[in-house]
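Engineer: The structure's right below; bear with me while I get my questions together.
The values are calculated or read from the model by the stated rules, or taken from the named source; none is laboratory data. Computed from a predicted model, the values in this text were never measured in an experiment. Note: ideal-geometry Cβ built from the backbone for every residue, glycine included; neighbour counts use all protein chains shown. These accessible areas exclude ligands, DNA and RNA; they are computed on the full protein's heavy atoms, side chains included. Shrake-Rupley method; radii C 1.70, N 1.55, O 1.52, S 1.80 Å.
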Amino acid sequence: MPEPSPESGLRMAEALLFASRDLLSVEEIAARLPAGTNVRALIDTLRRAYATRGVNVVEIGGKFGFRTAEDLAYLLAREQVEERKLSRAALETLAIIAYHQPVTRAEIEEIRGVSTSKGTLDVLLETGWIRMRGRRRTPGRPVTYGTTEAFLEHFMLTSVGDLPGLEELKGSGLLDSAVPAGFTVPVPDDSSDLRDEEDPIDEAELFDLMQDEDEPRHDHDD
């Protein structure tokens, strides 16, 4: 193949992003383009070119793809009955996992101050927003949980580092401005690499874990 011109390289990258159902990483794009192509530069050019268009090139979890411009999302929305909303317990659990991952069920309960039913975790697993990461190297080897790329995509986050910090939470009214001295919001980290205190989960275990990780318990505040 002859050396592509900058314009043809741009068209190739544009075609790949347009045709792919899933978001693509720089490495995945580079694998389809001629060797030595500066994929980052092509993506930056495409992002600028589509910045004011009906679709934008967005980065989510370190991968790229076309998405409807945020101000036009209403055009694609359709009226429908929402059959199920996340409970307060599920929202609280999701927030704890996002900020404290990797985190075990016992740690979630300690932070919330109430027991957390397996059903709450099941609902979040079904949405695809959380996943079982591994097992903590502590007695009982409890499962650790973390967020997924689907969580980032749903909430339009480039990374979990874009979650609001202490000052932003105060400004939005989600936290009392007079928080206790020493109160901090953890810096979230959703790296897929297992921590030193985590062991991997065999794929064969996952089905059984989804079925009977623990006996169901009920949230006190559902």
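Engineer: Principal axis extents for the range 1-136, Cα atoms only, whole Å, descending order, please.
Structural biologist: 63, 42, 20
Engineer: Taking the Cα centre of the range 1-150 as origin, work out the dipole magnitude from +1 charges on Lys and Arg Cβ and -1 charges on Asp and Glu Cβ, in debye rounded to 20.
Structural biologist: Details: 22 positive and 20 negative charges, 109 e Å.
About 520 debye.
Engineer: How high is the FRET efficiency from residue 167 to residue 40, r the C-beta distance, R0 22 Å, rounded to 0.05?
Structural biologist: 0.10
Engineer: I've got another one for you. If amide hydrogens are placed 1.01 Å from N in the peptide plane, which non-local residues have theirs closer than 5 Å to the one on residue 185?
Structural biologist: 166
Engineer: Still on this structure, I have one more. Can you pull the Kirkwood radius for the range 38-114, inverse mean 1/r over Cα pairs, to one decimal in Å?
Structural biologist: 16.2 Å
Engineer: Considering only protein heavy atoms, with the full assembly of protein chains and a 1.4 angstrom probe, order 192, 159 by accessible area, largest first.
Structural biologist: Working: 192 90, 159 45 Å².
Output order, biggest surface exposure first: 192, 159.
Engineer: Rounded to the nearest 0.05, what FRET efficiency do residue 67 and residue 126 have when you use their Cβ-Cβ distance and R0 = 30 Å?
Structural biologist: 0.80
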